[in-house]
Amino acid sequence: METRPLIFDCDPGQDDAISLMMALSPPRDGQAALDIRAITVTAGNTTLNKCQRNARMIAQICAQNGGSKNIPIFAGCASPLHYPLATAEEVHGIEGLDGIEIFEPDVPLQDEHAVDAIIRLCRELDEVVLVPTGPLTNIATALTRAPDIASKISELVLMGGARREAGNITPSAEFNIYVDPHAAEIVFNANIPKTVFSLDVTHIALIQDSHVNRIEALQTPLSGILTKMLRSGYAEYDRAKFGTSGTPIHDACTAAYLFRPELFDFRKVSVQVETQSPISRGHTSVDFWGMTDRQKDTHWAIDVDQAEFFDLMIKCISAYAKT
Ligand code: RIB
Ligand code: CA
């Protein structure tokens, strides 16, 4: 289990929300809580303003139900480095969190910009693991503005990209990379060890009705909220699009890895990002067979133990308060 300090960078979005619910879950079975120092927010699934509100909502729900408390939340970049913002309300709903009753959270938004917070925390801490699950604009901006922090980032654990699964926003690009390919290019070129959960693995770990029924059967306030979200339009979108019986919970792979890395199989690769082509912008070109002499600095997840993955998710959710 991960014990290093963590910064989650996200664009909530239902799957970001589930990843946060897992990451913020109370200690259980002798397993400590994760050491989350900050939640930073970027635009992506919806606008920055709605994503930051959604992050604060999820943090409040988790804290009120026995999860980690008082984790500072920072808003970051409202648009990609060069392209106009593309959002995904058709997937996540107009508020970015289909299935959850929207409220104005008491959890405050910090005044400090997310990029400044990332730079400050990287400089203050001996080391830090960054866990981005949205477009990589905040991360890339921090690395560009303060190159010295790269040596303090011991691992980047990110959801994004695709090799075998091609794309989910265009025929050849995954959403997070597509939205800001210039940021992704900076991140993938950075001299930082990366662990990547692309569509190649997130399209394996598909949540089924049987898993949702198990979550519902927990009969806790948080499991009830999660059940409604998992039975919303979000769950139907991917099933209809890809013709699958289940729904990918993309970002939850990052949280699961932090608790149980052994659930995943990886391949060491190098990755390049297409930034210009109107057809293949955001494509991740993964050197899977050693066709180049580029440094293989990326662990690319290629498989996951589905049963154990969802047992872990349900175990995290079951750790929240019963009343
Ligand atoms: O392509 C899936 C990714 O894009 C997920 O992180 C989802 O939340 C959206 O950000
Ligand atoms: Ca996301």
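When Ile249, Ile302 are screened for being within 16 Å of ligand 2 (Cβ to nearest atom) and among the hydrophobic types (A, V, I, L, M, F, W, C), only Ile249 passes. For segment 165-201, how many residues are surrounded by fewer than 24 Cβ atoms within 10 Å (Cβ to Cβ) and assigned to a loop (DSSP other than H, G, I, E, B)? Going through segment 165-201 one residue at a time, the tally reaches 11. Of the residues making up segment 215-250, those that are polar (S, T, N, Q) and in a loop (DSSP other than H, G, I, E, B) are Gln219, Thr220, Ser232, Thr244, Ser245. For segment 93-115, the set of residues classified as under 24 Å from His82 (Cα atoms), buried (at least 18 other Cβ atoms within 10 Å of the Cβ) and at pLDDT 95 or above consists of Ala114, Val115, listed by residue number.
Just to be sure, is Leu143 crowded, with 24+ Cβ neighbours inside 10 Å and either over 21 Å from Ile302 (Cβ atoms) or away from ligand 2 (no atom under 15 Å from the Cβ) (or both)? Here the answer is yes, as Leu143 does meet what is asked. Once segment 171-202 is narrowed to residues that are polar (S, T, N, Q) and out of contact with any helix residue (DSSP H, G or I) (no Cβ under 8 Å at 6 or more places or on another chain), the residue that is nearest to ligand 1 (Cβ to nearest atom) is Ser198. Residue count for segment 267-277, restricted to those that are out of contact with any helix residue (DSSP H, G or I) (no Cβ under 7 Å at 6 or more places or on another chain) and either of a type in the set (Val, Ile, Thr) or farther than 21 Å from Glu165 by Cβ (or both): 2.
Taking the condition in a helix (DSSP H, G or I) and within 30 Å of Ala240 (Cβ to Cβ), does Val212 pass?
yes
Among residues of segment 51-67 that are modelled with pLDDT of 95 or more, those with a Cβ under 8 angstrom from a residue that is of a type in the set (S, T, N, Q), sequence gap 6+ or separate chain, pair up as Cys51/Thr42; Cys51/Asn45; Asn54/Thr46; Cys62/Ser25; Cys62/Ser68; Ala63/Asn70; Asn65/Thr220; Gly67/Ser25. If the condition is being free of Cβ contacts under 8 Å to residues at least 40 places away in the same chain and of a type in the set (Gly, Ala, Ser), then segment 194-230 contributes Ser210, Ala217, Gly224. Criterion applied to Glu174, Glu236, Glu216 was being under 23 Å from Leu130 (Cα atoms) and of a type in the set (D, E, K, R), and the one residue passing it is Glu174.
Of the helices (runs of 4 or more DSSP H) that lie entirely inside segment 74-147, those containing 3 or more residues that are within 15 Å of ligand 1 (Cβ to nearest atom) span 89-92, 137-145.
For segment 6-51: of the residues being of a type in the set (S, T, N, Q) and assigned to a loop (DSSP other than H, G, I, E, B), which is surrounded by the most Cβ atoms within 10 Å (Cβ to Cβ)? The selected residue is Thr42.
Would segment 156-164 turn up any residue that is part of a helix (DSSP H, G or I) and either of a type outside the set (Val, Ile, Thr) or crowded, with 19+ Cβ neighbours inside 10 Å (or both)?
No, the conditions are met nowhere in segment 156-164.
The values are calculated or read from the model by the stated rules, or taken from the named source; none is laboratory data. Note that the coordinates shown come from a computational prediction; the quantities given were computed from them, not determined experimentally. Methodologically, a virtual Cβ is constructed for each residue, glycine included, from the backbone with ideal geometry; neighbour enumeration extends over all protein chains shown.
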